[in-house]
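Below: one structure, written as structure tokens.
Here, each number is a calculation from the coordinates, and none is a lab measurement. None of the values given here were measured: they were computed from a predicted structure. Here the Cβ positions follow ideal geometry from the backbone for every residue, glycine too, while neighbour counts run over all protein chains shown.
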Amino acid sequence: MIELERVEQSTMPARLSNWPLWRQVRGRDRLGKGAAAQSPRSASISPRTASSDRIVKSVCPYCAVGCGQNVYVSDGAVVQIEGDPDSPVSRGCLCPKGAASLQLTTGDARLYKVLHRRPYASAWEEMDLDDAMQAVADRVIGTRRETFQWEHEGKRVRRTLGIASLGGATLDNEENYLMKKLYTALGAIQIENQARI
């Protein structure tokens, strides 16, 4: 490193004088954590949070931990979601799922229509939301009628083994509570959640 410092910049080719290692050795940023490691392109980029006009405090929806999030909003649209350093639960940290939760609001893979694939079909087709909800309700009622047991081996059980639920980690506590009440009322006993597994 001492030898490199003795070399005058004028003797270095132009392409090497702008080399990050050369800037690190010659400048004050010896650890390469600041200006020495910065390219002209990265120096011109501003953070997504700079364009926001307000910050909304929120809680990550993915599991029961409840990590705090800062949701950066610009002109009514979410532009970035980061960990909330004021949160006593997560202290500004988010897991990979929480850090990617911006995709829940603005991801181009998010669908806004119901898709249905008929049995043995190879393609999805769009379906009206009312028709889809009615089809789900018909199947739940039909399955319960066909599989409901009042008794099993002489004991009263009042259950159905034909309906089960595996909740997702994006459901909040209130949604899980309502789902548990619904499935219990239907007689389902196989109720689980991804966040607990």
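Counting only C-alpha contacts under 8 Å and six or more residues apart, can you give the relative contact order of the chain as a whole percent? Could the numbers behind the result be given before it?
Numbers: 244 pairs, mean separation 23.9, N = 197.
The normalised contact order for the chain reaches 12 percent.
In the range 92-197, what GluC sites (Glu not before Pro) fall in a loop by DSSP, with at most 12 other Cβ atoms inside 10 Å?
E153
Rounded to two decimals, what is Rg over Rh for the range 48-106 when you use alpha-carbon atoms and the Kirkwood radius?
Values: Rg = 10.7 Å, Rh = 11.3 Å.
With Rg and the Kirkwood Rh in hand, the quotient comes to 0.95.
Report the calculated FRET efficiency for L115 and R28 (r = Cβ-Cβ distance, R0 = 45 Å), to the nearest 0.05.
Efficiency, rounded to the nearest 0.05: 0.20.
Please give the FRET efficiency for T147 paired with T49, using the beta carbon to beta carbon distance and R0 = 41 Å, rounded to the nearest 0.05.
On the way: r = 52 Å, r/R0 = 1.27.
According to the calculation, E is roughly 0.20.
Which is the longest run of the chain containing none of the trypsin sites (Lys or Arg not before Pro) found in DSSP loop states (not H, G, I, E, B) with at most 13 other C-beta atoms within 10 Å?
On the way: sites that count: R28, R30, K33, R91, R110, K113, R117.
Excluding the exposed sites themselves, the longest stretch runs over 118-197.
Averaging the inverse of every distinct alpha carbon separation and then flipping it gives the Kirkwood radius. What is it for the range 114-196, in angstrom units?
Details: mean 1/r = 0.0673 Å⁻¹.
Hydrodynamic radius (Kirkwood, Cα pairs) of the range 114-196 is 14.8 Å.
Which value, in debye to the nearest 20, describes the size of the charge dipole of the chain about its Cα centre when Lys and Arg Cβ atoms bear +1, Asp and Glu Cβ atoms bear -1, and nothing else is charged? Could the numbers behind the result be given before it?
Details: 27 positive and 23 negative charges, 118 e Å.
Value, rounded to 20: 560 debye.
Total Lys pairs in the chain closer than 24 Å by alpha-carbon, pairs eight or more apart in sequence or interchain only?
On the way: K57/K97; K97/K113; K155/K180; K155/K181.
The result is 4.
Please list 3J(HN,Hα) in residue order for the range 125-134, calculated via the Karplus relation 6.51 cos²θ - 1.76 cosθ + 1.60 where θ = phi - 60°; whole Hz, with x for glycine and proline.
My calculation for the range 125-134 gives 10, 6, 9, 5, 4, 4, 5, 5, 5, 5 Hz in order.
Counting other Cβ atoms within 10 Å, which chymotrypsin sites (Phe, Trp or Tyr not before Pro) in the range 47-118 have at most 12 and lie in a DSSP loop?
Working: sites: Y62, Y72, Y112; in loops: Y62, Y112.
Within the range 47-118, the qualifying chymotrypsin sites (Phe, Trp or Tyr not before Pro) (loop, at most 12 other Cβ atoms within 10 Å) are Y112.
Based on the Cα coordinates of the chain, what is the per residue volume of their convex hull in Å³?
Values: hull volume 52.5 nm³, N = 197.
Measuring per residue, one finds 266 Å³ for the Cα hull of the chain.
Set the Förster radius R0 to 45 Å, insert the Cβ-Cβ distance between W124 and C93 as r into 1/(1 + (r/R0)^6), and round the FRET efficiency to 0.05. Intermediate results must be reported in sequence, preceding the final value.
Values: r = 38 Å, r/R0 = 0.84.
Computed FRET efficiency for W124 and C93: 0.75.
With N set to the number of residues, divide the alpha-carbon radius of gyration of the range 77-150 by 2.2 N^0.38 Å and report two decimals. Please list the in-between numbers first.
On the way: Rg = 20.0 Å, N = 74, 2.2 N^0.38 = 11.3 Å.
Rg over 2.2 N^0.38 Å, computed on Cα atoms: 1.78.
Which residues in the range 54-98 place their backbone N less than 12 Å from a point set 7 Å from the Cα of T106 along the Cα-to-Cβ direction?
71-82
Just to be sure I understand: of the beta bridges DSSP finds with both ends in the range 114-196, what percent are antiparallel, rounded to 5?
Values: 7 of 12 bridges.
Counting DSSP beta bridges with both partners in the range 114-196, the antiparallel share is about 60 percent.
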